[in-house]
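This report refers to the structure that appears directly beneath it.
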Amino acid sequence: MKVSLASAMGTCFGVQDAINLAMSPEFSNELTIVGQLVHNPQVSESLKQNGVSLVPGIEDIDKIQTKKVMITAHGAAEKTKKRLYEAGFTVYDASCPLVMRVHQTIKSLVAKGYFPVVIGQKDHVEVKGIVGDLDDHLVINNETDFQKIKSSGNRRLGIVTQTTQQRDKVEALVEKIRGLEYVDDVAFVNTICQPTHDRQLAVHELADQVDLMIVIGGYNSSNTKKLVHVCDEKGIEAHHIESFDQLHKEWFINKQHVGITAGTSTPENVINEVHTKILEIAKDVEGQTSLAS
Ligand code: SF4
């Protein structure tokens with residue numbers, strides 16, 4: 001059984017920079033992260049072990065016990081940051097520059113007279129940050145949401161995407177929006193980030209070669225779920241796991257080639273543990289097969 005790693009996978013620079021900042025010794029026991037720094041359970045656990053406190057979001061401002069707070073790689077609206085400053089906190093901003101690019105892009109589309117639309121998940125912290133300073137906006141995720149565009153009565157749309165969206169899906173949606181009879185003009189800026197794009201491209205390539213894909217990442221990680229989705233679309237058996245102890249030997253029986261990929265918030269050590277365990281399982285399964293034949 002061959003085991004291959006995707007040519008691009010795992011932690012992106014935005015997530016790594018944010019983790020490095022949060023782990024910095026100067027913060028020990030004095031920092032609270034507002035919102036999940038990254039959607040990865042192992043990273044959240046090691047932050048807690050380093051004395052970093054976590055609160056789910058700005059709604060929990062009253063529960064913050066430290067003077068220093070950090071905005072996550074997913075970014076936040078200016079009004080969220082302002083609220084923290086005004087409450088007397090020292091704010092460290094670990095927003096990824098590629099998320100901030102989306103904030104700037106949508107504001108510039110609004111300045112040009114377009115009605116702002118985000119393709120993404122409306123409850124995702126990144127999307128909440130993107131739209132958080134806008135007077136009005138729409139978040140759409142699929143064709144069912146076109147009704148929202150119609151009801152809004154806006155005919156000139158400025159569209160951006162959540163950074164972790166799937167390129168094919170976004171392009172198909174935008175094409176359909178351009179064709180809607182109740183839309184006159186669409187300005188679309190593809191704001192999917194390069195690391196996400198690289199990981200999607202790599203999983204596409206690898207999925208063409210394997211008959212099983214193991215996708216590693218937090219269950220609430222948007223970009224990890226998209227990697228699984230790419231495999232589903234190609235009809236490749238894929239299993240989404242958070243750690244090596246969730247691997248099942250049965251998945252590997254009669255498989256020729258196994259691929260491994262991971263979302264942008266999955267640390268290298270977690271990928272290495274999974275890789276090592278898969279090599280062990282592969283050896284075990286092959287041993288059993290040769291005994292049986
Ligand atoms: S996934 Fe992209 S936008 Fe998000 S932190 Fe990583 S590089 Fe930045």
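The values are calculated or read from the model by the stated rules, or taken from the named source; none is laboratory data. Keep in mind the model is a prediction, meaning the values are calculated, not measured. When we count neighbours, we look across all protein chains shown, and the Cβ atoms used for this are built from the backbone with ideal geometry, even at glycine.
From the list Asn269, Asn220, Asn254, which one is away from the ligand (no atom under 16 Å from the Cβ) and within 19 Å of Gln16 (Cα to Cα)? Please lay out each step first, then the result.
Values: Asn220 fails: away from the ligand (no atom under 16 Å from the Cβ); Asn254 fails: within 19 Å of Gln16 (Cα to Cα).
Sole residue among the options that is away from the ligand (no atom under 16 Å from the Cβ) and within 19 Å of Gln16 (Cα to Cα): Asn269.
Take Val91 and tell me if it is closer than 19 Å to Val34 by Cα, touching a helix residue (DSSP H, G or I) at 6+ places or on another chain (Cβ under 6 Å) and more than 12 Å from the ligand (Cβ to nearest atom). If you could, list the steps in order and put the result at the bottom.
On the way: closer than 19 Å to Val34 by Cα: yes; touching a helix residue (DSSP H, G or I) at 6+ places or on another chain (Cβ under 6 Å): yes; more than 12 Å from the ligand (Cβ to nearest atom): yes.
Against the criterion (closer than 19 Å to Val34 by Cα, touching a helix residue (DSSP H, G or I) at 6+ places or on another chain (Cβ under 6 Å) and more than 12 Å from the ligand (Cβ to nearest atom)), Val91 qualifies.
Count, please, the residues in region 170-217 that happen to be within 30 Å of Val110 (Cα to Cα), in a helix (DSSP H, G or I) and away from the ligand (no atom under 15 Å from the Cβ). Spell out the reasoning first.
Within region 170-217, the first condition is being within 30 Å of Val110 (Cα to Cα), and the residues that meet it are 170-198, 200.
Add one more test, that the residue is in a helix (DSSP H, G or I), and what stays is 170-178, 194-198, 200.
Narrowing the set further to residues that are away from the ligand (no atom under 15 Å from the Cβ) leaves 171-178.
Total satisfying the criteria: 8.
Please pick out the residue among Ile177, Ile216, Ile281, Ile236 that is at pLDDT 95 or above, β-branched (Val, Ile, Thr) and within 20 Å of the chain's Cα centre (by Cα).
Numbers: Ile177 fails: within 20 Å of the chain's Cα centre (by Cα); Ile281 fails: within 20 Å of the chain's Cα centre (by Cα); Ile236 fails: within 20 Å of the chain's Cα centre (by Cα).
It is Ile216.
Quick one: Val3 ticks every box in (1) among the aliphatic types (A, V, I, L, M); (2) at pLDDT 90 or above; (3) within 15 Å of the ligand (Cβ to nearest atom); (4) crowded, with 18+ Cβ neighbours inside 10 Å except a single one, so which number is it?
If we test Val3 against (1) among the aliphatic types (A, V, I, L, M); (2) at pLDDT 90 or above; (3) within 15 Å of the ligand (Cβ to nearest atom); (4) crowded, with 18+ Cβ neighbours inside 10 Å, just (3) comes out false.
Tally up the residues in region 146-170 that are over 25 Å from Lys79 (Cβ atoms) and of a type outside the set (A, V, I, L, M, F, W, C), please. Can you show your working first?
At the first step, the residues of region 146-170 found to be over 25 Å from Lys79 (Cβ atoms) are 146-147, 149-151, 153, 155-156, 166-170.
Filter once more, so that each one left must be of a type outside the set (A, V, I, L, M, F, W, C): 147, 150-151, 153, 155-156, 166-169.
Number of matching residues: 10.
Filtering region 231-262 down to residues that are within 17 Å of Tyr219 (Cβ to Cβ) and among the hydrophobic types (A, V, I, L, M, F, W, C), which residue is surrounded by the most Cβ atoms within 10 Å (Cβ to Cβ)?
Looking at the filtered set, the residue picked out is Ala262.
Does region 140-156 include one or more residues that are within 16 Å of the ligand (Cβ to nearest atom), at negative phi and without any contact (Cβ under 8 Å) to a residue 60 or more places away in the chain? Lay out the reasoning, then the answer.
Of region 140-156, the ones within 16 Å of the ligand (Cβ to nearest atom) are none.
So far as region 140-156 goes, no, none of its residues is within 16 Å of the ligand (Cβ to nearest atom), at negative phi and without any contact (Cβ under 8 Å) to a residue 60 or more places away in the chain.
All but one of (1) closer than 30 Å to Ile159 by Cβ; (2) surrounded by fewer than 21 Cβ atoms within 10 Å (Cβ to Cβ); (3) within 16 Å of the ligand (Cβ to nearest atom) hold for Thr72; state the number of the condition that does not hold.
(2)
Please go through (1) away from the ligand (no atom under 16 Å from the Cβ); (2) out of contact with any Leu (no Cβ under 9 Å at 6 or more places or on another chain) for Gln16 and return the number of the only condition it doesn't satisfy.
(1)
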